[in-house]
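**Student:** One structure coming up, written as structure tokens, with questions to follow.
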Amino acid sequence: MKHIKITTEIIVYDSIQELPTLVQDLMEKAIEVKRNAYAPYSKFRVGCAILLDNGAIVLGSNQENAAYPSGLCAERVAIFQAGSIYPEAHILKIAITASSDINLTDTPVPPCGSCRQSIAEYEIRQSSPIEIYFMGEIGQIYKSASLKNLLPFMFETKLL
Ligand code: THU
């Protein structure tokens, strides 16, 4: 028997001001679009801003539904939109922020498992890493230099 040990790496920023200017702007856009979340059920609002290599920024917020599983996370709203509008573009950076109408969200909110799987498809397809920055409403910002850091043992096309 053998053990496989997996390590990952996250960079921690203490405030938005500490981020590179380009990423600050991207995170500000994620904060803005979070206001458009339709979250009457969870009261949890998520905003996502994606920077493409053609300079375009594509935004998304979570959109819920009375039939709960029919709703969609902010990250997938944004990334599917990016893929639909700019199929040839590469994704450089993703900024994510979330807040609750009920509690103060002061810890970084990472993309959920389904969103990680969706982001993985784009990262593998473009053969270059996607930087992912995520935060709560206040507090630290975590940066993952690649989706791979967030999803070990990812299910990918080469397995098919
Ligand atoms: N949500 C996102 O938008 N992104 C995530 O990565 C996790 C969860 C949304 C889905 C739902 O509208 C609400 O947050 C509570 O789960």
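The values are calculated or read from the model by the stated rules, or taken from the named source; none is laboratory data. Model, not experiment: these values are computed from the prediction. Don't worry about glycine lacking a Cβ; one is built from the backbone with ideal geometry, like all the others, and counts go over all protein chains shown. Please note that ligands, DNA and RNA were not included when accessible areas were found on the heavy atoms of the full protein model with its side chains. Shrake-Rupley method; radii C 1.70, N 1.55, O 1.52, S 1.80 Å.
**Student:** If I go through the stretch 72-90 residue by residue, how many of them are among the small types (Gly, Ala, Ser) and either touching a Cys at 6+ places or on another chain (Cβ under 6 Å) or assigned to a loop (DSSP other than H, G, I, E, B) (or both)?
**Tutor:** The total comes to 3.
**Student:** Can you tell me which of (1) touching a His at 6+ places or on another chain (Cβ under 8 Å); (2) within 13 Å of the ligand (Cβ to nearest atom) is the one residue 126 doesn't meet?
**Tutor:** (2)
**Student:** Return the residues of the stretch 104-160 that are at pLDDT below 95, in a loop (DSSP other than H, G, I, E, B), open to solvent by 30 Å² or more (accessible area, probe 1.4 Å) and more than 23 Å from residue 86 (Cα to Cα); say none if nothing qualifies.
**Tutor:** The answer is 152, 153, 155, 160.
**Student:** Still on this structure, I have one more. Taking the conditions exactly as written (closer than 18 Å to residue 104 by Cα and touching a strand residue (DSSP E or B) at 6+ places or on another chain (Cβ under 7 Å)), does residue 43 satisfy them or not?
**Tutor:** Details: closer than 18 Å to residue 104 by Cα: yes; touching a strand residue (DSSP E or B) at 6+ places or on another chain (Cβ under 7 Å): yes.
Criteria met by residue 43.
**Student:** Looking at the stretch 47-71 only, could you name the residues that are within 14 Å of the ligand (Cβ to nearest atom), surrounded by fewer than 18 Cβ atoms within 10 Å (Cβ to Cβ) and part of a loop (DSSP other than H, G, I, E, B)?
**Tutor:** Answer for the stretch 47-71, where residues must be within 14 Å of the ligand (Cβ to nearest atom), surrounded by fewer than 18 Cβ atoms within 10 Å (Cβ to Cβ) and part of a loop (DSSP other than H, G, I, E, B): 65, 66, 67, 71.
**Student:** Right, something else. Mind listing just one residue for me: the one in the stretch 72-99 that is open to solvent by 20 Å² or more (accessible area, probe 1.4 Å) and within 9 Å of the ligand (Cβ to nearest atom) and, of those, farthest from residue 20 (Cα to Cα)?
**Tutor:** The residue in question is 72.
**Student:** Among the numbered conditions (1) touching a residue at least 40 places away in the same chain (Cβ under 8 Å); (2) within 20 Å of residue 54 (Cβ to Cβ); (3) out of contact with any strand residue (DSSP E or B) (no Cβ under 8 Å at 6 or more places or on another chain); (4) not polar (S, T, N, Q), tell me where residue 115 comes up short.
**Tutor:** Single failed check for residue 115: (2).
**Student:** Those residues that are more than 18 Å from residue 99 (Cα to Cα), more than 15 Å from the chain's Cα centre (by Cα) and either touching a residue at least 24 places away in the same chain (Cβ under 8 Å) or crowded, with 18+ Cβ neighbours inside 10 Å (or both), I need them from the stretch 21-46; list them, please.
**Tutor:** Scanning the stretch 21-46 gives a single hit, 22.
**Student:** Taking the stretch 21-46 as the region of interest, how many residues are near the ligand (Cβ under 8 Å from one of its atoms) and not aromatic (Phe, Trp, Tyr)?
**Tutor:** Within the stretch 21-46, residues that are near the ligand (Cβ under 8 Å from one of its atoms) and not aromatic (Phe, Trp, Tyr) number 5.
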